[in-house]
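Undergrad: The structure that follows is given in the form of structure tokens.
The values are calculated or read from the model by the stated rules, or taken from the named source; none is laboratory data. Predicted model only: the values in this text are computed from it and were never measured. Here the Cβ positions follow ideal geometry from the backbone for every residue, glycine too, while neighbour counts run over all protein chains shown. To get the accessible areas, we keep the full protein, side chains included, count just its heavy atoms, and leave off ligands, DNA and RNA. Shrake-Rupley method; radii C 1.70, N 1.55, O 1.52, S 1.80 Å.
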Amino acid sequence: MTILLNNRTEVFDDEQLSVSRMLELKKFTFRMRIIKINGILVPKDRYDSTFIIEGDNVQMLYLMSGG
């Protein structure tokens with residue numbers, strides 16, 4: 001399947017991926033993050049049950065703090 005991930009085209013072998021699986025495959029390990037699929041916020045407790053499919057636009061934003 002082909003998706004848009006952070007404004008870049010990404011190709012995966014699967015027909016669909018859970019958000020958790022996509023994070024594993026891409027090695028996105030930073031704990032403070034926000035995931036949106038097609039502009040809809042995905043709560044962290046739904047990463048295992050929310051699926052990304054062909055053509056989805058996925059945004060993964062890191063939350064940072066500092067001074």
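Undergrad: Scan the stretch 33-62 and report the pairs whose first residue is among the acidic types (Asp, Glu) and whose second residue is open to solvent by less than 50 Å² (accessible area, probe 1.4 Å) and assigned to a loop (DSSP other than H, G, I, E, B), with Cβ atoms within less than 9 Å and a gap of 6+ or a chain change.
TA: Glu54/Met1; Asp56/Met1
Undergrad: Tell me, which residue of the stretch 1-46 that is in a loop (DSSP other than H, G, I, E, B), open to solvent by 100 Å² or more (accessible area, probe 1.4 Å) and not hydrophobic (A, V, I, L, M, F, W, C) is modelled with the highest pLDDT?
TA: Asn7
Undergrad: Let me ask something else. In the stretch 27-49, what residues are of a type in the set (Lys, Arg) and either more than 17 Å from Thr2 (Cα to Cα) or in contact with an Asp or Glu (Cβ under 6 Å, 6 or more places away or on another chain) (or both)?
TA: Once the filter is applied, which keeps residues that are of a type in the set (Lys, Arg) and either more than 17 Å from Thr2 (Cα to Cα) or in contact with an Asp or Glu (Cβ under 6 Å, 6 or more places away or on another chain) (or both), the stretch 27-49 yields Lys27, Arg31, Arg33, Lys44, Arg46.
Undergrad: What residue, among those in the stretch 50-65 that are assigned to a loop (DSSP other than H, G, I, E, B) and open to solvent by less than 80 Å² (accessible area, probe 1.4 Å), is farthest from Asn7 (Cα to Cα)? Write out each step before concluding.
TA: Restricting attention to the stretch 50-65, the residues satisfying the condition of being assigned to a loop (DSSP other than H, G, I, E, B) are 50, 54-56, 63-65.
After this cut, where a residue has to be open to solvent by less than 80 Å² (accessible area, probe 1.4 Å) as well, the list is 50, 55-56, 63.
Values: Thr50: 20, Gly55: 12, Asp56: 11, Leu63: 18 Å.
Ranking the candidates gives Thr50 first.
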